[in-house]
Amino acid sequence: FFFPKRCLGCGRIGGFICEVCQEKLPYLEIQYCAVCNGASVGGFTHERCRTIYTPDRFLSLFVYRGLAKKLIQEFKYAKVTALKNPITDLIIDFIRENNVNLGSEALITFVPSHPLKFLERGFNQGQIIAEAVGSSLGLKALSCLEKIEETESQTKLSREERKENVKNSFGLLPDVESLVNGRDILLVDDVFTTGATLLECSNVLKRAGVRFLYLLTLAKD
């Protein structure tokens, strides 16, 4: 009553994204290869870009601008964790509309925060999304990775600098390899910029024996 939900787009009372503004969300018109950042049918990694350590498919919902950008920033920086429900609904609708069949044995995981960053923010937005999406799809969300080295902020770094910055900064959690070996995994994050972080995480997961690795982000910058 005192703090009603208001649409992030128009301010209308009732929900975080009203039906009118939801139609204005900047959905990606095409999908991309996570390795080279070039257009790709269905987001599948190009054959020329593929190695045994790269992800197999990358999907993203929005262009990182407008209402989509505001939605993510409110969730991530303003700590409006109640946004997990509309965000989850958008992801589930996207997965179903694009006929993404993860299978009943797939696992969902997320990009981890460094412990110091987690303490500073108080939560990991990727973990919240992974658990909510897993619950909606009836799939287990599992913490698989750990940030073993604090890295410089990626914001002002070039593509090559970002790759070097996150190199060897992630590792597999103890006792996880036996759980992911031979399994299909959906790795979620909020925004794909150059893909350096997600590709580094993909490398760790693939080396642990993951069979088919999907990447999913809310937006692509």
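A few remarks follow.
- Figure legend. Inter-residue proximity from region 63-77: first residues in a helix (DSSP H, G or I), second residues polar (S, T, N, Q), beta-carbon distance below 7 Å, spacing 6+ or different chains. Indicated pairs: Phe75/Gln125; Lys76/Gln125.
- Evaluated against (1) at pLDDT below 90; (2) assigned to a helix (DSSP H, G or I); (3) open to solvent by less than 60 Å² (accessible area, probe 1.4 Å), Ile128 falls short on exactly one condition, (1).
- Some residue of region 39-53 being more than 19 Å from Leu213 (Cβ to Cβ), over 21 Å from the mean Cα position of the chain (by Cα) and assigned to a loop (DSSP other than H, G, I, E, B): no
- Count - residues of region 132-151 that are open to solvent by 60 Å² or more (accessible area, probe 1.4 Å), out of contact with any strand residue (DSSP E or B) (no Cβ under 7 Å at 6 or more places or on another chain) and not small (Gly, Ala, Ser): 2
- In the set Thr45, Thr51, only one residue is at pLDDT 95 or above, more than 26 Å from Leu8 (Cβ to Cβ), open to solvent by 10 Å² or more (accessible area, probe 1.4 Å) and among the polar types (S, T, N, Q); that residue is Thr51.
- Region 26-39 - residue that is in contact (Cβ under 8 Å) with a residue 12 or more places away in the chain and more than 17 Å from Glu97 (Cα to Cα) and, of those, surrounded by the most Cβ atoms within 10 Å (Cβ to Cβ): Ala34
- Which listed residue is open to solvent by less than 10 Å² (accessible area, probe 1.4 Å) and among the hydroxyl-bearing types (Ser, Thr, Tyr), from Ser169, Ser178: Ser169
- Residue in region 91-100 that is in a loop (DSSP other than H, G, I, E, B), open to solvent by 70 Å² or more (accessible area, probe 1.4 Å) and basic (Lys, Arg) present: no
- Filter result for Phe58 (open to solvent by 40 Å² or more (accessible area, probe 1.4 Å), within 20 Å of Asn203 (Cβ to Cβ) and aromatic (Phe, Trp, Tyr)): no
- Single residue of region 186-199 satisfying the filter (modelled with pLDDT of 95 or more and within 17 Å of Arg50 (Cα to Cα)) that is most open to solvent (accessible area, probe 1.4 Å): Leu199
The values are calculated or read from the model by the stated rules, or taken from the named source; none is laboratory data. Computed from a predicted model, the values in this text were never measured in an experiment. For neighbour counting, all protein chains shown are included, and Cβ atoms are generated from backbone atoms with ideal geometry for every residue, glycine included. Quick note on the areas: whole protein, heavy atoms, side chains included, nothing else; ligands and nucleic acids left out. Shrake-Rupley method; radii C 1.70, N 1.55, O 1.52, S 1.80 Å.
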